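Just so it is clear, none of the values below were taken in a lab; they were calculated from the coordinates. What you are looking at is a predicted structure, and each value in this text was computed from that prediction instead of being measured. Methodologically, a virtual Cβ is constructed for each residue, glycine included, from the backbone with ideal geometry; neighbour enumeration extends over all protein chains shown.
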Amino acid sequence: MEDRRSAMEQIAVDPDVYSADGPYYPDDWQSETTSIGSSIYRGLMENGRRYQNLRHQDYLIPSDDQMFESYEAGHLVALVLDSDRENPLFRAPVRDARQILDIGTGKGIWAIDVADMFPNATVRGVDLFPPPVSWMPPNCVLEVDDILQEWTWREPFDLIHMRIMIGSFDPAEWDRVYKQCYDNLQPGGWIEQLEASPRVECDDGSLPEDNILHTWGPNIFACGEAAGRECDTLDTMHEAIQKAGFVDIQDITYKWPIGPWARDKRFKEAGTVNFHHWMSGMEGWCMWLLTKFGSPEPWTKDEVLVYVAKLRKELKNPRFHIYQRARRVWARKPFPDEVERSAKTQEGSAGKSDISGGKH
């Protein structure tokens with residue numbers, strides 16, 4: 001069964017956000033997010049940012065303190081917008097999980113939160129770079145590994161989770177990742193993925209058509225395509241998960257406000273946090289892409305920094321009612337009898353086609 005849902009209704013604007021003495025403008029949401037700590041792990045330094053060096057190919061997102069901070073902000077945005085749910089961490093109907101895997105765990109925040117919520121489960125977070133954490137629950141294990149290699153975990157998983165992975169793989173690698181997930185889930189186990197679009201959107205025309213913010217998404221998409229790492233995962237993951245053999249595929253689309261311009265308290269809080277998500281993340285999101293694949297020729301580091309500074313200035317304008325789309329997809333690995341029934345149905349359909357064709 002396929003259930004496509006949406007949380008994409010237009011967000012009501014809070015007129016009080018424009019007031020200089022209002023509760024959200026300007027100081028408490030426009031302050032720059034600062035680094036969370038010193039560099040304690042080795043990695044490849046390029047353009048002043050640290051990247052993983054486990055896989056023998058470039059990785060477009062840095063693995064440093066500033067990027068880990070951005071991951072944390074993105075995690076909080078997702079939590080705020082699902083805070084009306086009993087479980088805001090994932091939507092897959094997993095009740096009594098024993099083994100959970102978080103791919104691309106980043107700072108490990110999601111894995112740690114899930115381990116706290118499900119103390120009887122073993123939660124593994126895996127990434128290409130060690131997360132800067134000093135404590136974690138005893139049932140949480142954070143590992144450094146490349147999931148494109150053969151998986152060595154012995155226990156099948158009840159839930160495999162991914163989030164904000166755009167640009168991580170080329171299309172063939174994505175197919176391999178989804179197949180690995182399918183093969184390493186319990187029958188009846190679930191996969192869930194949350195992605196956010198790099199495109200800045202606006203519903204009411206408050207963002208002028210010639211504003212530089214409109215260039216951000218197209219630049220990221222074009223560079224990702226040139227790099228062979230398409231950044232359209234938000235739009236392709238539903239079909240890719242279905243192609244891997246999963247069933248009961250469901251999804252929901254969100255609007256993540258950027259800035260506290262929304263009237264609704266939950267959207268306002270999410271927008272405030274998402275503003276910091278963008279302010280701390282933009283340089284890392286685009287530095288590798290633009291210095292390698294920028295148009296009409298690769299950009300210099302200084303050109304990227306100037307571009308990001310201009311974007312940040314526009315993001316601070318509270319009169320721009322802007323947001324990005326996000327999408328969550330969850331799906332189930334079928335039980336063996338379901339696979340068998342599906343195979344028989346397909347064989348029967350093929351046989352009828354052959355018979356019908358033979359009559360002409």
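Were the residues from Asp203 through Val141 laid out at 0.36 nm apart, the gain over their Cα-Cα distance would be 18.1 nm.
For region 127-206 versus region 292-336, the spacing of their alpha-carbon centroids is 20 Å.
Sort Glu86, Glu9, Glu340, Glu283 by Cβ crowding within 10 Å, fewest neighbours at the top.
Glu86, Glu9, Glu340, Glu283
Modelled spin-label separation between Asp116 and Arg85, with each label point placed 7 Å from Cα along the Cα-to-Cβ direction: 1.8 nm.
Among Met165, Met237, what is the fewest-to-most ranking by other Cβ atoms within 10 Å?
Ranked by crowding around the Cβ, least crowded first: Met165, Met237.
Of the residues Thr236, Thr105, the one with the fewest other Cβ atoms within 10 Å heads the list, and the complete ranking is Thr236, Thr105. For the pair Arg341 and Thr236, label points projected 7 Å from Cα toward Cβ lie 3.3 nm apart. Note on Asp183 and Val306: the extension gain reaches 39.7 nm, defined as 0.36 nm multiplied by sequence separation minus the Cα-Cα distance.
Farthest toward the positive end of the dipole of region 96-147, out of Pro131, Asn120, Thr105, is the Cα of Asn120, where the dipole comes from beta carbon charges about the Cα centre.
Using Cα pairs under 8 angstrom and six or more residues apart, how large is the relative contact order of region 152-196, in percent?
Contact order relative to length: 65 percent.
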